[in-house]
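Structure first, commentary second.
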Amino acid sequence: MMQNDNSNMDRYSIILVGTEDERNIGFTARVMANFGLSFLILVSPQCKITETAYILARHASSILDNVTIYDTLNQLAQHFNVLIGTTARVSYNSNTRRLAYNLRDFLPLIADYDGKIGFVFGRESSGLTNNEIDHLDFIVTIPTSPSYPALNLSHAVGIIAYELFVNTKTKSKGFKLADSKHKEILFDYVNHILTLIEYPNFKKKILIRTLKNLLGRSLISMRELYALLGFFRRIKYHLQSC
């Protein structure tokens with residue numbers, strides 16, 4: 001097992017979208033505390049945090065005391081370097097939004113990176129919508145039995161929290177992850193270039209989504225992103241001057 005330093009767990013936040021049952025919020029806080037996670041964010045919760053959640057959280061009440069609430073998921077992008085969605089509904093071909101990566105294969109890749117990373121969980125009844133997934137860098141899935149793939153919300157959080165805990169190294173190598181602001185600038189350049197070359201509108205969203213998947217999979221650093229920004233900026237200016 002990898003050596004772990006709880007202070008490095010501060011890089012990670014758990015984000016629950018549209019949570020319908022406060023009991024899951026309480027259980028989530030408890031399992032977060034078990035594995036050294038402290039930051040819980042709720043997006044448009046459909047329930048209130050009452051004594052019930054605090055009872056189920058047990059000794060993790062401080063996590064509930066410090067919960068941050070947002071109205072929409074897109075408000076979070078500026079606060080994180082990477083937003084990772086979780087889903088049980090996986091696409092293997094046509095739906096580029098739901099191209100998911102195996103959790104255990106992916107987590108070791110982020111252990112050496114410095115940046116704020118949020119794990120986003122959807123509603124108990126329906127998960128994340130395609131529109132919400134569009135605000136994420138990419139998604140991961142937890143392998144389960146095909147006969148019953150949907151995990152309870154707090155159980156899914158628990159599995160990811162455990163995997164984060166065992167994959168978080170004592171010292172980070174300090175590779176600074178690219179932030180969402182600069183990635184959006186890159187996507188704007190690409191979108192502008194596609195317009196200049198008269199790329200079909202109905203294909204633009206698919207191509208941008210594919211690019212987001214590629215950047216997410218590569219865990220691009222700020223230095224690498226700056227290089228891409230310079231390249232695409234020159235292409236854009238060249239096409240505009242033609």
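Please report the carbon-and-sulfur percent of the accessible area for the chain; probe 1.4 Å, protein heavy atoms only, DNA, RNA and ligands left out.
Heavy-atom surface of the chain belonging to carbon and sulfur, 1.4 Å probe: 53 percent.
Go through 116/203; 116/204; 116/212; 176/236; 116/183 and tell me which ones have a Cα-Cα distance over 22 Å in this structure. Before the final figure, lay out each step's value.
Working: 116/203 31 Å; 116/204 29 Å; 116/212 17 Å; 176/236 26 Å; 116/183 14 Å.
Over 22 Å Cα-Cα: 116/203; 116/204; 176/236.
Pull up all non-local amide H partners of residue 80: gap of 5 or more, or a different chain, and H-to-H distance under 5 Å with H placed in the peptide plane.
Counting only residues 5 or more places away or on other chains, the set is 180.
So for each of 21-34, 132-145 I average, over its residues, the number of other beta carbons within 10 Å; can you give me the resulting order with the highest mean first?
On the way: 21-34: 22.3, 132-145: 18.5.
In decreasing order of mean packing, 21-34, 132-145 become 21-34, 132-145.
Within the chain, what percent of beta bridges assigned by DSSP are antiparallel, to the nearest 5? Don't skip to the end; give the middle numbers.
Numbers: 2 of 27 bridges.
Approximately 5 percent, going by the DSSP bridge assignments.
Would you calculate a helix-derived [θ] at 222 nm for the chain, using -39,500 (n - 2.57) for each DSSP H run of n ≥ 4 and dividing by the full residue count, to the nearest 500?
Values: 9 runs with 107 residues, N = 242.
That calculation yields -13500 deg cm²/dmol at 222 nm.
In the chain, with Lys and Arg counted as +1 and Asp and Glu as -1 at Cβ, which of these residues, 129, 196, 159, has the Cα nearest the positive end of the dipole, that is, farthest along it?
196
Accessible area per residue of the chain at 1.4 Å probe, in Å²? Intermediate results must be reported in sequence, preceding the final value.
Working: 12910 Å² over 242 residues.
Heavy-atom accessible area per residue stands at 53 Å².
Using only the alpha-carbon atoms, what does the chain span along each of its principal axes? Please give whole angstrom values in decreasing order.
Sorted largest first, the three principal extents are 66, 38, 34 Å.
List the residues whose amide H sits under 5 Å from the amide H of residue 39, counting only those 5 or more places along or on another chain, with H placed 1.01 Å from N in the peptide plane.
14
The values are calculated or read from the model by the stated rules, or taken from the named source; none is laboratory data. Since this is a predicted model, take the numbers as computed values, not measurements. Using ideal geometry, Cβ is built from the backbone for each residue, glycine included, and neighbour counts are taken over all protein chains shown. Areas reflect the complete protein model, heavy atoms only, side chains present, ligands, DNA and RNA absent. Shrake-Rupley method; radii C 1.70, N 1.55, O 1.52, S 1.80 Å.
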